[in-house]
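Okay, structure first, notes after.
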Amino acid sequence: MSCLNIRTRDPGSFARTGTLALAHGEVRTPAFVPLATKATVKGLLPGEVAALGYDMVLGNTFHLFLDPGHDLIARFGGLHAFMGWDGPIVTDSGGFQVFSMGHGTVADEVKGRAPSGPERRGKILAIEEDGVRFRSYLDGSEQWLGPERSMEIQAALGSDLALVFDECTPFNVTRDYTARSTERTHRWLRRCLDWHAAHGPPGQLVLGIVQGGVHRDLREDSAETVAGAGCDGIAIGGSLGEDKAQMHEVVGWTTTVLDRVAPEHPRHLLGIGEIDDLVRGVELGIDTFDCAMPTRLGRHGMALVPDPAGRWRVDLTQARWRESEEPLMDGCPCPACAVGLTRGYLRYLARARELTAMRLVTLHNLAFVERVMRRLREAVGEGTLAAVAAGLRAGEAP
Ligand SMILES: [Zn+2]
């Protein structure tokens, strides 16, 4: 039986609503999943994230493995107890971060990009059939991550959803490299599932990952392979192309196959979460999304607003807001907008690098994204998705 209970389907697209039943509770889908990379949604308390309407957060295997270590987190009772979040948690496998250290020169990808975080300082030493040897960005020590190791770490973290270890193939490699890499990812999928069947903690479910780059036949073959492997759900990863049109096409190829061969399986789109991508992703049948965008922008004084021409964001640090008494956004229930804090005040705080600015804009951005997802869920339920999606694309407030 699938962990996804599908409630309604949109007749005009692949979109559906439902609930994901996980060990630590339910996730209303389609849903955005905020990043809690290092066991915290940066700057926020767990209760604040839940109060915004979020059911699940995403922890990062690569970072938590290097510091403070999964053994230590297990001693604290697992990631839920460690970070004080009692709802569902999904953990990525570490594959993306490890391979980012080697593929870090990719410039023009929709998602890949050069790693902007500290991963940049790490280094891949060898990619072997068993996994990847690399140098830690923290202390230069030699480390190892492979399929079994990644599942072992995620078991110790005790997440509700674990992701299999994969190679996140970049955009700028040959078709031949992508094909061989995808085949290895499929072998790693089998090994992850075998390890989990023997040692996985009770209640933890496993998501396989579809790769295949931007090649239609490789994507379709990968979707069929992952769907047939016995995972609890399916994630879509890797390079999705050089622009949004190509990304939407690649995701569409994949979900078309999944809708045929695994219609009941939950589908997660890895690392994608700009507003227009959420709208298109829901239409393409994606159930959950994660992305650094809303929280990362929030820490840099960039606020989400219903402005498609401005990529749904406004830079509050710009001089034009210096004397602005305009609220950040009318009708937003977030703590900044609810009391009518002005753009002029937020600009001053953001430029002064005050913690309050980072917190307020992060809260606002996550409130904005959650309202977009809520609007899309309601639209699918009411049979009005086409109109609501068109409105959001045109800049209607969520
Ligand atoms: Zn707000």
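Only the coordinates and a few stated rules stand behind these numbers; no lab work does. In this text, all values refer to a predicted model and were calculated from it rather than measured experimentally. Glycine also receives a Cβ, built like all others from the backbone with ideal geometry; neighbour counts cover every protein chain displayed.
Figures for the structure shown
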| item | result |
| --- | --- |
| Cα centre as origin, Lys/Arg/Asp/Glu Cβ charges: segment 151-257 dipole, Debye | 140 |
| Nonlocal amide H pairs with VAL41, under 5 Å, H built at 1.01 Å | none |
| Stretch gain in nm, segment ALA245-ALA394, where the contour uses 0.36 nm per residue and the Cα spacing is subtracted | 51.9 nm |
| Size of charge dipole - the chain - debye, nearest 20, with Cβ of Lys, Arg +1 and Asp, Glu -1, no other charges | 880 |
| Charge dipole (the chain, unit charges on Cβ, about Cα centre) - positive-most of ILE124, GLY383, CYS334 | CYS334 |
| Cysteines (scope the chain) whose Cβ has no counterpart Cys Cβ under 4.7 Å | CYS3, CYS168, CYS192, CYS231, CYS291, CYS334 |
| Average Cα contact separation per residue, the chain, under 8 Å, 6 or more apart, as relative contact order % | 17 |
| Least to most buried among GLU323, GLU274 (fewest other Cβ within 10 Å first) | GLU323, GLU274 |
| Positive-end extreme of charge dipole, segment 183-258 - chosen from GLY238, THR255, GLN204 (charges on Cβ) | GLN204 |
| The chain: DSSP helices with Cα axial extent of at least 18 Å and average Kyte-Doolittle hydropathy no lower than -1.0 | 244-261, 355-382 |
| Two-site FRET efficiency, TRP144 against ALA352, from Cβ-Cβ distance with R₀ of 41 Å, rounded to 0.05 | 0.45 |
| Computed log₁₀ I(q)/I(0) - Debye formula, equal Cα scatterers, no solvent, the chain, q 0.07, 0.09, 0.11, 0.14 Å⁻¹ | -0.30, -0.50, -0.77, -1.28 |
| Theoretical ellipticity at 222 nm over the chain - DSSP helices of four or more residues, -39500 (n - 2.57) apiece, nearest 500 | -12500 deg cm²/dmol |
| For segment 271-387, size of Cβ-based charge dipole, Lys and Arg +1, Asp and Glu -1, in debye | 520 |
| Hypothetical label at MET1: residues of segment 10-46 whose amide nitrogen lies under 13 Å (7 Å Cα-Cβ projection) | 21-22 |
| Over segment 220-282, relative contact order from alpha-carbon pairs under 8 Å, at least 6 apart, % | 43 |
| Kirkwood Rh in Å, taken over segment 298-398 so that all alpha-carbon pairs contribute | 14.0 |
| Coordinate range along principal axes, alpha carbons of segment 214-259, Å, largest first | 32, 18, 17 |
| Amide proton proximity set for ASP290, modelled H, under 5 Å, gap of 5+ | VAL33, LEU269, GLY271, ILE272 |
| Low-density loop cleavage sites - chymotrypsin sites (Phe, Trp or Tyr not before Pro) in segment 47-82, where at most 14 other Cβ are within 10 Å (DSSP) | PHE76 |
| Average Cα contact separation per residue, segment 305-398, under 8 Å, 6 or more apart, as relative contact order % | 29 |
| Reciprocal mean inverse distance between Cα atoms of segment 160-259 - Kirkwood radius, Å | 13.6 |
